[in-house]
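Beneath this line is the structure, given in structure tokens, with notes to follow.
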Amino acid sequence: MTSLSAQLRADPTSFVEAPYDEAFNFSREELDEIHLHGLQKRFNELRPRLAVLDALAKEQGIEHINHVDDAVPLLFPHTVYKSYPLSLLERSRFDRLTHWLAGMTTTDLSGVDASGVQTIDDWIALIEKTTEIQLLHTSGTTGKLSFIPRTRRQWDDTVRITANSLRDWHGAGAGPDVLKNHMPLVIPAYRYGASSSHRGVDRMVRMYAGGDDNALFLYPGAYYSADVASLAGRLKAAEARGEQGKLQLSPALLARREEFAVREGDRPEQMRRFFESAVERYAGKDVILFAVWPILFEWAEAGLARGLRNVFGPNSVLITGGGSKGRVLPDNYRQQIFDFIGFSRYYEYYSMSEIMAGCPRCDEGNFHIPPTMVPYVLDPETGEPMPRSGTHTGRFGLMDLLPDSYWGGLITGDEVTLSGWDEPCACGRHGPYLHSTIGRFSEKQGGDDKINCAGAPEAHDKAIDYLLQQTQG
């Protein structure tokens with residue numbers, strides 16, 4: 001048994017400082033031991049301290065985890081982190097929302113007085129100011145955002161693991177060590193926010209770039225509002241029902257209309273300044289570019305139309321993920337992007353807000369699951385786990401062993417095909433991996449499960465347009 005295997009058995013968070021490439025060389029026996037010991041550790045430590053997990057364990061009659069599959073009944077549905085009544089947001093009952101959140105984390109929230117809070121953004125800020133939690137939120141089609149109680153240390157760990165993957169994914173030390181040797185950071189998005197990408201970006205600025213002086217954003221001083229993200233979901237749901245005029249908007253949100261109006265009116269100028277600044281500040285220099293493919297293509301298309309090619313240095317790094325997010329892109333969209341940015345070294349991940357370490361994509365097109373994530377393929381009809389052998393297609397379930405203050409077990413809305421239990425990937429890495437054909441069950445069923453992350457900016461803009469049309473009355 002390797003020393004890293006023993007370390008991960010004893011403490012899954014030791015992965016944060018591990019040589020990343022070694023994590024995909026475990027034998028099947030070692031991986032099974034890491035998974036089982038990790039599940040037992042998290043269950044035994046968190047159940048007495050986490051009300052929601054204890055209630056679920058009692059309901060399922062589970063006292064001990066003796067096999068990896070024993071944890072399947074303890075996986076939360078992906079809706080659990082938005083299981084509060086929507087009326088709490090609509091009526092600004094953030095005292096009650098805090099009480100709900102307290103059941104999801106071992107962090108003590110008893111000292112948080114949210115009785116006077118009027119907006120989601122202010123509530124998130126209050127939680128951050130008075131506790132160790134830095135909440136992250138997702139976007140939802142009904143306006144019910146998921147709130148995941150990740151701590152400051154856990155955020156640092158997440159960003160550090162990504163840095164280790166940049167360094168070691170193609171072999172020990174084959175990539176840049178951005179924690180030691182900072183690189184400029186270029187991101188065509190908001191500088192601030194509490195979504196998963198923005199929380200990570202805040203760390204990337206400090207840990208990868210060395211500070212804001214070495215980073216460039218489309219909206220350098222702007223905050224991606226959780227309130228507007230919630231409104232975007234409510235607007236979409238109301239449109240589907242033909243009830244746009246019946247939305248209830250809080251006075252606090254209406255009071256911010258002018259702020260949103262100024263930002264929207266300045267959008268074309270902001271884009272022009274960002275575009276020019278990227279070229280002026282970093283032309284020919286090695287940078288870290290962080291963006292999803294559709295946004296990169298829009299940027300590249302505009303740049304190529306202006307005759308710009310090979311903008312950045314050849315040793316730059318692109319961090320991306322999420323596929324095309326439902327957008328129709330030309331067959332050669334990646335080549336157009338590479339022609340524009342001037343390099344082709346990229347790291348693509350399958351990830352989601354609820355997990356701390358993403359799954360990097362290899363040259364064979366597969367997403368490799370880190371050893372700190374216990375993967376399950378569940379029968380979509382029965383919810384039963386499929387064997388940990390062969391290749392199976394079904395609903396993706398997982399247990400993230402990294403968080404130690406909230407339960408990392410989750411049943412996702414994704415349909416996946418998983419292999420790798422019996423033989424390594426063609427790339428040579430061992431362990432389970434997901435095929436590239438990942439879809440949403442909600443799409444197969446003719447409905448929307450949630451606003452995905454690449455679509456969120458569009459929904460955000462649409463919500464702001466709607467908000468600006470409303471009157472104080």
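The values are calculated or read from the model by the stated rules, or taken from the named source; none is laboratory data. All of these numbers come straight from a predicted model, not from anything done at the bench. When we count neighbours, we look across all protein chains shown, and the Cβ atoms used for this are built from the backbone with ideal geometry, even at glycine. When the accessible area is computed, the model is the full protein with side chains, heavy atoms only, and any ligands, DNA or RNA have been set aside. Shrake-Rupley method; radii C 1.70, N 1.55, O 1.52, S 1.80 Å.
Among the GluC sites (Glu not before Pro) within region 61-132, which fall in a DSSP loop and have no more than 11 other Cβ atoms within 10 Å of their own Cβ? For GluC sites (Glu not before Pro) across region 61-132 that sit outside H, G, I, E and B with at most 11 neighbouring Cβ atoms in 10 Å, the list reads Glu63. With the simple model of a label 7 Å out from the Cα in the direction of the Cβ, Asp286 to Glu29 spans 4.2 nm.
Placing a pseudo-label 7 Å from each Cα along the Cα-to-Cβ vector at Leu304 and Asp108 gives an inter-label distance of 5.8 nm.
Between region 277-341 and region 1-73, what is the separation of their alpha carbon centroids in Å? Taking the Cα centre of each part, region 277-341 and region 1-73 sit 39 Å apart.
Pairwise Cα distances in region 298-401 exceed 19 Å for 59 percent of all pairs.
For the residue pairs Lys82/Lys129; Lys180/Lys285; Lys82/Lys180, the alpha carbons lie more than 28 Å apart in Lys82/Lys180. For the pair Gln40 and Asp95, a Förster radius of 25 Å applied to the C-beta separation gives a FRET efficiency near 0.10, rounded to the nearest 0.05. When region 102-168 is described by a simple charge dipole with +1 on each Lys and Arg Cβ and -1 on each Asp and Glu Cβ, the residue from Thr158, Leu135, Val117 located farthest towards its positive end is Thr158. Sites listed here are GluC sites (Glu not before Pro) in region 2-48 whose DSSP assignment is loop and whose Cβ has at most 10 other Cβ atoms within 10 Å, and the list is empty. Among the trypsin sites (Lys or Arg not before Pro) in region 9-116, those located in a DSSP loop and surrounded by at most 15 other Cβ atoms within 10 Å of their own Cβ are Arg91. If only the Cβ of Lys and Arg carry +1 and only the Cβ of Asp and Glu carry -1, the dipole of region 64-155 around its Cα centre is close to 160 debye. When every Cα-Cα distance of region 1-143 is counted in 5 angstrom steps from zero, the calculated P(r) takes the values 2, 8, 15, 15, 14, 14, 13, 10, 6, 3, 1, 0 percent. Taking all protein chains into account, the per residue accessible area for region 48-120 stands at 49 Å² (1.4 Å probe). Of His64, His35, the residue with the largest accessible area leads and the full order is His64, His35 (1.4 Å probe). Of the residues Gly175, Ser195, Tyr219, the one whose Cα sits farthest toward the positive end of the charge dipole of region 105-225, with +1 on the Cβ of Lys and Arg and -1 on the Cβ of Asp and Glu, is Gly175.
Evaluated over the Cα positions of region 158-204, the convex hull gives a direction-averaged projected area, one quarter of its surface, of 3.6 nm².
Within 10 Å, Cβ to Cβ, of Phe396, how many net charges do the neighbouring residues add up to if Lys/Arg are +1 and Asp/Glu are -1? Within the 10 Å Cβ shell, the charges total -1.
Distances between placed amide hydrogens fall under 5 Å for Gly409 paired with Phe76, Asp400, all partners being 5 or more residues away or on another chain.
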